[in-house]
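See below for the structure under consideration.
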Amino acid sequence: MARREGPVLGVSFGPESALYSFPGGHPMNSGRTRLFGESLSRTVEDRRGELSHLITVVRPEEARRDDLRLFHTNQYIESVEEASKRGEGYLDFPDTPAFAGVFEASLYPVGSSLHGFEAVLEGRFRHFFNPVGGLHHAARNRSSGFCVFNDAAIVIAKALDRTGMKRVLYVDIDAHHGDGVFYGYESDPRVIIADIHEDGRSLFPGTGEPSETGKDGAEGTKLNLPLLPGSGDAEFIETFDAAFRFMERFEPEFVFFQCGADGLSGDPLTHLRYSASAHAYAAKKLHELAHDTCSGRLLAMGGGGYKAENVDAAWSAVAKELASCG
């Protein structure tokens, strides 16, 4: 009998995943990931399933204060900690309320993305997925759009400053423009960005124009591709193919993939009409690119998505594509 291959994909998920959850009926709450967690458990527990031996679930990990400083200012970090102790008010009115323990809860998305990045670099997994990560709106000195600390921007900083990588690729297919990452690295030619999102004229944060392609020596390293409200799989795939031709020219040393599920039809906050096929397509293409250019090194982060059935469908599709074929 042929020996079965070891784990290909690590997925960070556990009780700590539920901590990053805003109260009072807020869209960013732990209930949105419940169905995905159940699907993930069934997949890894079904020993007759084709993916059970290829996916390993690992407990979420906390970031350290020094990790936050890779991208965020000391003053901002301290302000979040103070708001967390008070347990009231807003970090970003009206989108991001403070609650008791918000600082500690926010350490898990960051720590889990960093752990996944390191696990891939060390060869423990070929790819890694942090579903509660991808908090792409937070800026260096402020929270924004449900995002307290920007794990995507922090892990990119780790790749650049602590490992010396010269070209990393960040691909964002969340319905909302990843403004915190984009403007955080707009002038850095080492960070290649391709962001497909709903047109900012109809959706927060109102940014991500095609004319924004990088500045101050990083011109041509960034790509914004806004889609009109109502766009579905056909429009997404056509646009992604255009983005892919841009991406592959740079031969990245690591691929970061923010796979927000809020572009699927029926999301209560957005106006796009994808199915999970869009996420499967993007994951498959990026999976192939990572193997072609950087020995498969890829970290996926969940991002938005405010209808539980959509989150389950989109992220299950991403996990399946990343686990299959190595």
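The values are calculated or read from the model by the stated rules, or taken from the named source; none is laboratory data. No experiment lies behind these values; they were computed from the predicted model shown. Using ideal geometry, Cβ is built from the backbone for each residue, glycine included, and neighbour counts are taken over all protein chains shown.
Checking each residue in segment 69-102 for being touching a residue at least 24 places away in the same chain (Cβ under 8 Å) and at positive phi picks out only 101. When residue 124 is tested against (1) over 30 Å from residue 288 (Cβ atoms); (2) in contact (Cβ under 8 Å) with a residue 24 or more places away in the chain; (3) surrounded by fewer than 18 Cβ atoms within 10 Å (Cβ to Cβ), exactly one condition is not met: (1).
Consider residue 7 carefully, then state whether it is buried (at least 16 other Cβ atoms within 10 Å of the Cβ) and modelled with pLDDT under 95. Answer is yes for this residue.
Of the residues in segment 32-59, how many are of a type outside the set (Lys, Arg), in a helix (DSSP H, G or I) and within 17 Å of residue 132 (Cβ to Cβ)? Steps first, please.
First, the residues of segment 32-59 that are of a type outside the set (Lys, Arg): 33, 35-41, 43-46, 49-58.
Okay, now just the ones that are also in a helix (DSSP H, G or I), so 33, 35-41, 43-45.
Now narrow it down to the ones that are within 17 Å of residue 132 (Cβ to Cβ): 33, 35-41.
The number of residues fulfilling the criteria is 8.
Being surrounded by fewer than 15 Cβ atoms within 10 Å (Cβ to Cβ) and within 27 Å of residue 271 (Cα to Cα) is the filter here, so list the residues in segment 203-224 that pass it. It would help to see each step written out before you state the result.
First, pick out the residues of segment 203-224 that are surrounded by fewer than 15 Cβ atoms within 10 Å (Cβ to Cβ): 206, 209-211, 215-217, 219-220.
Passing the criteria: 206, 209, 210, 211.
Residues in segment 105-125 that are in contact with a helix residue (DSSP H, G or I) (Cβ under 7 Å, 6 or more places away or on another chain) and either assigned to a strand (DSSP E or B) or over 23 Å from residue 22 (Cβ atoms) (or both): 117, 125. Close contacts from segment 299-312, counting a first residue that is touching a residue at least 60 places away in the same chain (Cβ under 8 Å) and in a helix (DSSP H, G or I) and a second that is crowded, with 24+ Cβ neighbours inside 10 Å and not basic (Lys, Arg), with Cβ to Cβ under 7 Å and a gap of 6+ residues or different chains, come to 311/33; 311/36; 311/261; 311/305; 312/36. Determine, yes or no, whether residue 144 is out of contact with any helix residue (DSSP H, G or I) (no Cβ under 8 Å at 6 or more places or on another chain), surrounded by fewer than 23 Cβ atoms within 10 Å (Cβ to Cβ), over 18 Å from residue 17 (Cα atoms) and hydroxyl-bearing (Ser, Thr, Tyr). For residue 144, the condition - out of contact with any helix residue (DSSP H, G or I) (no Cβ under 8 Å at 6 or more places or on another chain), surrounded by fewer than 23 Cβ atoms within 10 Å (Cβ to Cβ), over 18 Å from residue 17 (Cα atoms) and hydroxyl-bearing (Ser, Thr, Tyr) - is not met. Of all the numbered requirements in (1) loosely packed, with under 15 Cβ neighbours inside 10 Å; (2) not in a loop (DSSP other than H, G, I, E, B), residue 83 misses one, and that requirement is (1).
Residues being assigned to a strand (DSSP E or B) and within 15 Å of the chain's Cα centre (by Cα): count how many of those fall in segment 143-162.
Quick first cut of segment 143-162, residues assigned to a strand (DSSP E or B) only: 144, 147.
Then keep just the ones that are within 15 Å of the chain's Cα centre (by Cα); that gives 147.
The total comes to 1.
On inspection, residue 55 qualifies as in contact (Cβ under 8 Å) with a residue 12 or more places away in the chain, of a type in the set (A, V, I, L, M) and touching a Pro at 6+ places or on another chain (Cβ under 8 Å).
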